[in-house]
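To start, the structure under review is shown below, and the notes come after it.
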Amino acid sequence: MKALAALSFALTAAACASFDGYSLTPGQSSAEEVEKVMGVPAEKRAGPGGETWYYYPRQPYGRKAFVARIASDGRLLAMEQRLNDENVAKLIPNTTRVEQVRDLFGPPYQAQRFDKLERDIWTWHMRRFGDPGIPVALHV
């Protein structure tokens, strides 16, 4: 019974350790290490300068979306939490394009199509004013 409890605790601790990739080191960690720690990305997109961006949404309860920026040589450049007030401020109504939103936040938690309005609504869960902040839903 003690062994089962210890195994359960170890698995829980290991699952939590990979939530934000804190053990990864920019400039040293490889793309393989990123996937080993963070898991398979929900999406991969091409970034500027030959970078590849790995998206790790932690929705809905984590209220975060991490992007691992991988250089063309396969090394981690940065791990960024993208669902924040600074990035939301970059959205300009009727100007920011779909691809720009997707590059900024990655795959949405929920995507809905409203045919009569000719609109797609993407939703992410985030926190305003930092962490712990105020839980809100971002609809774009």
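The values are calculated or read from the model by the stated rules, or taken from the named source; none is laboratory data. None of the values given here were measured: they were computed from a predicted structure. Cβ placement follows ideal geometry from the backbone for every residue including glycine, while neighbour counts extend to all protein chains displayed. Areas reflect the complete protein model, heavy atoms only, side chains present, ligands, DNA and RNA absent. Shrake-Rupley method; radii C 1.70, N 1.55, O 1.52, S 1.80 Å.
Name the residues in segment 29-45 that are open to solvent by 70 Å² or more (accessible area, probe 1.4 Å) and either basic (Lys, Arg) or at pLDDT below 95 (or both), would you? Correct list: Lys36, Lys44. Only one of the numbered conditions (1) on the phi < 0 side of the Ramachandran plot; (2) surrounded by 12 or more Cβ atoms within 10 Å (Cβ to Cβ); (3) in contact with a helix residue (DSSP H, G or I) (Cβ under 9 Å, 6 or more places away or on another chain) is not met by Lys64, and that is (3). Taking residues in segment 49-62 that are under 12 Å from Phe19 (Cβ atoms), and partners anywhere that are of a type in the set (Ser, Thr, Tyr), the pairs with Cβ atoms closer than 8 Å and at least 6 places apart or on different chains are Pro57/Tyr109.
Summed over segment 63-91, residues that are without any contact (Cβ under 8 Å) to a residue 40 or more places away in the chain and small (Gly, Ala, Ser) total 3.
Counting only residues that are outside any loop (DSSP other than H, G, I, E, B) and without any contact (Cβ under 8 Å) to a residue 24 or more places away in the chain, segment 126-140 holds 4 of them.
Do we have any residue at all in segment 115-125 that's in a loop (DSSP other than H, G, I, E, B) and surrounded by 13 or more Cβ atoms within 10 Å (Cβ to Cβ)? The answer is no, given that none of the residues of segment 115-125 is in a loop (DSSP other than H, G, I, E, B) and surrounded by 13 or more Cβ atoms within 10 Å (Cβ to Cβ).
Criterion applied to Val101, Val140, Val136 was being farther than 17 Å from Phe19 by Cβ, open to solvent by less than 80 Å² (accessible area, probe 1.4 Å) and touching a helix residue (DSSP H, G or I) at 6+ places or on another chain (Cβ under 6 Å), and the one residue passing it is Val140. Could you tell me whether segment 76-88 includes any residue that is of a type in the set (D, E, K, R), in a loop (DSSP other than H, G, I, E, B) and more than 20 Å from Tyr54 (Cα to Cα)? Checking segment 76-88: not a single residue is of a type in the set (D, E, K, R), in a loop (DSSP other than H, G, I, E, B) and more than 20 Å from Tyr54 (Cα to Cα).
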